[in-house]
1. Could you look through the range 134-155, keep only residues that are out of contact with any helix residue (DSSP H, G or I) (no Cβ under 8 Å at 6 or more places or on another chain), at pLDDT 95 or above and under 16 Å from Pro236 (Cα atoms), and pick out the one that is surrounded by the most Cβ atoms within 10 Å (Cβ to Cβ)?
2. Could you tell me whether the range 171-186 includes any residue that is under 21 Å from the mean Cα position of the chain (by Cα), assigned by TED's automatic domain parsing to the domain that holds Gly215 and part of a strand (DSSP E or B)?
3. Do you know which residues across the range 273-295 are out of contact with any helix residue (DSSP H, G or I) (no Cβ under 8 Å at 6 or more places or on another chain), in contact (Cβ under 8 Å) with a residue 40 or more places away in the chain and of a type in the set (A, V, I, L, M, F, W, C)?
4. In the range 154-170, how many are over 17 Å from Ala189 (Cβ atoms) and outside any loop (DSSP other than H, G, I, E, B)?
5. Taking only the range 108-153 into account, find how many residues are within 21 Å of Ala16 (Cβ to Cβ) and not in a loop (DSSP other than H, G, I, E, B).
6. For Glu105, state whether it is assigned to a strand (DSSP E or B), among the acidic types (Asp, Glu) and either in contact with a Pro (Cβ under 6 Å, 6 or more places away or on another chain) or free of Cβ contacts under 8 Å to residues at least 24 places away in the same chain (or both).
7. Give the number of residues within the range 285-301 that are touching a Ser or Thr at 6+ places or on another chain (Cβ under 7 Å) and more than 13 Å from Ile115 (Cα to Cα).
8. Would you mind stating whether Ala297 is part of a helix (DSSP H, G or I) and within 18 Å of the chain's Cα centre (by Cα)?
Amino acid sequence: MTAPDRIAVDVAVIGAGPAGLSAALNLVRARRSVLLVDANRPRNAATLRSHGFLTRDGVSPLELRKLGRLEVEGYDEATVVQAVVDRVEPDGDRWSVHGTWRGAEVEASARAVVIATGLREEFPALPMLRAFYGTAVHSCVECDAYEKAGEPLAFICETDDVVDRALLIAAWADDLVVYTNGVAPLDDAGRSRLAAAGVRVDERVVADLEGDRSGMTGVRLADGHVEPRTGGFVRPRWHADLDWMAAELDRDAEGLVVVDRSGRTSVPGVYAVGDVTPPGPEQLIVAAGHGAVTAAAVHRDLVGGLTDPRDAVQ
């Protein structure tokens, strides 16, 4: 590979989901030069429709990303590249950013870095889950439960938040079966709470989902029993893959990047926004709002000497 041209910008935004796009858009409108790096690997790529985004309810999440990217690209202050970032490291009072895409390299020097890379999902090991994910089975209750109301649903969860998440789904579902797959811890108090809400619990091992091209038809257990279900929800485990960041950032017990209310991390000059920050996955419109908040903080910090009213003690 030939040595790439080195781009010098005020801010490098790593990730082009709603959080990163919103941050980049608001930064260029603050007349900040911005490099937006898009790996084009969205977590919601399998989802056909996104919901709850004002004026864009029901739009494809890929179309939403496309529209946002076009808006950012319309500003002279923006440089948008498709690349996978493999190294971000301190370089004096700036940050060196390196990425690659199909044999080409991207090199940049930035005064600040905004991490908006989202999360990687790890699903329960069910062979047919991916086939139905994004159509019959979803992970975001607030995003997709409305369309599932009235259906016989399954909730597959192997984590210790199974009760709270099941009760949330039950607000939309009249016929819900929770499958712990023999993994999720469930005590008598939790069983009682679910029973009081009319939620059935099956703690047997799940073998797979059943269905065909017309859709999901059921949940098959390891003992051969098949429970008719036309859709449902799954609780993935989420991972923040940040091996490319040389600076050591404070993280919480889930591995998410700890930030203040404006997106500042424990490392000066580095910000994080969206799903990679606590509490983790969130609706698209919420992520976009956080991107705008963080953009304002980055701009104020680059101006220097300003007092951020959001950091004042209330």
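1. Within the range 134-155, the match that is surrounded by the most Cβ atoms within 10 Å (Cβ to Cβ) is Ala154.
2. For the range 171-186, residues under 21 Å from the mean Cα position of the chain (by Cα), assigned by TED's automatic domain parsing to the domain that holds Gly215 and part of a strand (DSSP E or B): absent.
3. Val276
4. Here the count works out to 5.
5. 11
6. Spelling it out, Glu105 is indeed assigned to a strand (DSSP E or B), among the acidic types (Asp, Glu) and either in contact with a Pro (Cβ under 6 Å, 6 or more places away or on another chain) or free of Cβ contacts under 8 Å to residues at least 24 places away in the same chain (or both).
7. Of the residues in the range 285-301, 4 are touching a Ser or Thr at 6+ places or on another chain (Cβ under 7 Å) and more than 13 Å from Ile115 (Cα to Cα).
8. It is false that Ala297 is part of a helix (DSSP H, G or I) and within 18 Å of the chain's Cα centre (by Cα).
The values are calculated or read from the model by the stated rules, or taken from the named source; none is laboratory data. Predicted model only: the values in this text are computed from it and were never measured. Glycine also receives a Cβ, built like all others from the backbone with ideal geometry; neighbour counts cover every protein chain displayed.
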